[in-house]
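Student: I'd like to ask some things about the structure below.
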Amino acid sequence: MTRMPAPLPLFPTSLVGSMPQPEWLIDRAMLAGRFPPRVRARELWRIPGPFLAEAQDDATIVAIKAQEDAGLDIVTDGEIRRESYSNLFATALDGVDLDQPGTALDRSGHPNPVPRVTGPIRRRHAVGVRDLEFLRRHTTRHVKVTVPGPFTMSQQAQIDHYGGSRELAAMDYAAAVNAEIRDLFSAGADIVQIDEPYMQARPEEARAWGLAALNRALEGVRGATAVHICFGYAAIIHARPSAYSFLPELAGCACRQVSLETAQPDLDCSILESLPGKQIILGVIHLGSPEVESAETVAARARRALPFVRAEDLILAPDCGMKYLPREVAVGKLKSMVAGAAMLREELARRTGPVRVQSNK
């Protein structure tokens, strides 16, 4: 049967990527007590190996249904099968020694075990296509999948090959990401998002060569692509600036959408004028607080962007991934986000008549 999602409404709603994983599946206390793993961390899973994939599939169905029940227009698989947003892909590549990991500083300045690059980085097979196909089988809504960005992966690795050059490594990471994105669109993704949080954390290198690597990852890609840039998980990175150190530069990125935080950092949304022609995935859900905000609070956060972004170019989302929130809090926040989007549509319809429909095409 041909899959035909309904047209997106104005102010469509989406996750950034992750949903909370259930306690029966993963040790959430252990997960929260460490930085997101860059190498594999099988000790986090509560389910024995022979049964883990089936358990992850079951938990993914629950995450998809939770998004649908909350009313989201664009759904993900909740990244339920991932130990972190980046390590599943980064550890599936050739040229990486996982048995003897290296060390690199995380964005808070602490050393962290990371993949050690000992040879040319190459993608040996599609990493996320099976998960995308599973997602598509279990929803009729628009679907988004996420992949880690080449700049971020180059920062989350010890580069022993390439003469120690992160720039050279990033270009091969970019080729691997490019091949993955092409396969994801061929398999039916509506949106593919590249996660590049380290562009905010290390803006000098991002300006010097990171944007070139990102555009290499997008080279020749047809389809709606997004880039997510953020200050890090709110549960882990507590001190947050009120402005981005790297954002206007994404005007030169080949992506169609830019995803960013505005709720927790209380961002001055006038910076969005520096991204003409981009659709903005606006973070309107504060992930550093367990409080479920009201629909009016969500709408007010979105209104701050409307002087600088066309209504038809605005997508509502949480600030970042919801991985570390309690499940009931995450679902409550998503329902408020959906209600806030409906409030905005009603307001616009009263002023201008029937609202227009968004398109990813």
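Student: Can you say whether Ser165 is hydroxyl-bearing (Ser, Thr, Tyr) and either buried (at least 23 other Cβ atoms within 10 Å of the Cβ) or free of Cβ contacts under 8 Å to residues at least 60 places away in the same chain (or both), as far as the supplied structure shows? Talk me through it step by step, then tell me what you get.
Tutor: Working: hydroxyl-bearing (Ser, Thr, Tyr): yes; either buried (at least 23 other Cβ atoms within 10 Å of the Cβ) or free of Cβ contacts under 8 Å to residues at least 60 places away in the same chain (or both): yes.
Taking the combined requirement at face value, the residue satisfies it.
Student: Scan region 272-292 and tell me whether some residue there is farther than 19 Å from Phe151 by Cβ, loosely packed, with under 15 Cβ neighbours inside 10 Å, within 20 Å of the chain's Cα centre (by Cα) and without any contact (Cβ under 8 Å) to a residue 60 or more places away in the chain.
Tutor: Yes - at least one qualifying residue is present in region 272-292.
Student: Still on this structure, I have one more. I'd like to check something: does region 237-258 contain any residue that is in contact with a Ser or Thr (Cβ under 8 Å, 6 or more places away or on another chain), assigned to a loop (DSSP other than H, G, I, E, B) and either modelled with pLDDT under 95 or among the hydroxyl-bearing types (Ser, Thr, Tyr) (or both)?
Tutor: yes
Student: Taking region 92-108 as the region of interest, how many residues are assigned to a strand (DSSP E or B), buried (at least 16 other Cβ atoms within 10 Å of the Cβ) and under 23 Å from the mean Cα position of the chain (by Cα)?
Tutor: Result for region 92-108: 2.
Student: Got a sec? Which of Val177, Val145, Val117, Val192 is touching a residue at least 12 places away in the same chain (Cβ under 8 Å), assigned to a helix (DSSP H, G or I) and among the β-branched types (Val, Ile, Thr)? Reasoning before the result, please.
Tutor: On the way: Val145 fails: assigned to a helix (DSSP H, G or I); Val117 fails: assigned to a helix (DSSP H, G or I); Val192 fails: assigned to a helix (DSSP H, G or I).
None of the others qualify; the one that does is Val177.
Student: Only residues in region 302-331 that are modelled with pLDDT of 95 or more and surrounded by fewer than 23 Cβ atoms within 10 Å (Cβ to Cβ) count as the first member; pair them with residues that are basic (Lys, Arg) and part of a loop (DSSP other than H, G, I, E, B), Cβ under 9 angstrom, at least 6 apart or cross-chain, and list the lot.
Tutor: Every condition considered, the pairs that remain are Val309/Lys278; Ala311/Arg356; Glu312/Arg356; Asp313/Lys278.
Student: Now for a separate question. Looking at Arg42, Arg28, Arg46, can you tell me which residue is surrounded by 18 or more Cβ atoms within 10 Å (Cβ to Cβ) and not aliphatic (A, V, I, L, M)? So that I can check it myself, show each step before the final result.
Tutor: Working: Arg42 fails: surrounded by 18 or more Cβ atoms within 10 Å (Cβ to Cβ); Arg46 fails: surrounded by 18 or more Cβ atoms within 10 Å (Cβ to Cβ).
Only one candidate qualifies: Arg28.
Student: What are the residues in region 114-133 that are of a type outside the set (A, V, I, L, M) and crowded, with 17+ Cβ neighbours inside 10 Å, if any?
Tutor: Pro115, Arg116, Arg123, Gly128, Asp131
Student: Limited to region 129-176, what total is found for residues that are of a type in the set (D, E, K, R) and touching a Pro at 6+ places or on another chain (Cβ under 7 Å)?
Tutor: Total satisfying the criteria: 2.
Student: Right, next: For Asn87, indicate whether it is crowded, with 18+ Cβ neighbours inside 10 Å, at pLDDT below 95 and closer than 24 Å to Glu180 by Cβ.
Tutor: Answer is no for this residue.
Student: Do the conditions hold for Tyr233, that is, is it closer than 18 Å to Leu88 by Cα and of a type in the set (Phe, Trp, Tyr)? Spell out the reasoning first.
Tutor: Details: closer than 18 Å to Leu88 by Cα: yes; of a type in the set (Phe, Trp, Tyr): yes.
It is true that Tyr233 is closer than 18 Å to Leu88 by Cα and of a type in the set (Phe, Trp, Tyr).
Student: Next question, about the same structure. Only residues that are within 14 Å of Gln67 (Cβ to Cβ) and either hydrophobic (A, V, I, L, M, F, W, C) or assigned to a loop (DSSP other than H, G, I, E, B) (or both): list them for region 326-337, please.
Tutor: Ala330, Val331, Leu334, Met337, listed by residue number.
Student: Can you pull out every residue in region 259-304 that is within 19 Å of Gly232 (Cα to Cα), polar (S, T, N, Q) and part of a loop (DSSP other than H, G, I, E, B)?
Tutor: Thr262, Gln264, Ser289
The values are calculated or read from the model by the stated rules, or taken from the named source; none is laboratory data. Note that the coordinates shown come from a computational prediction; the quantities given were computed from them, not determined experimentally. Glycine gets a Cβ as well: all are built from the backbone with ideal geometry, and neighbour counts include every protein chain shown.
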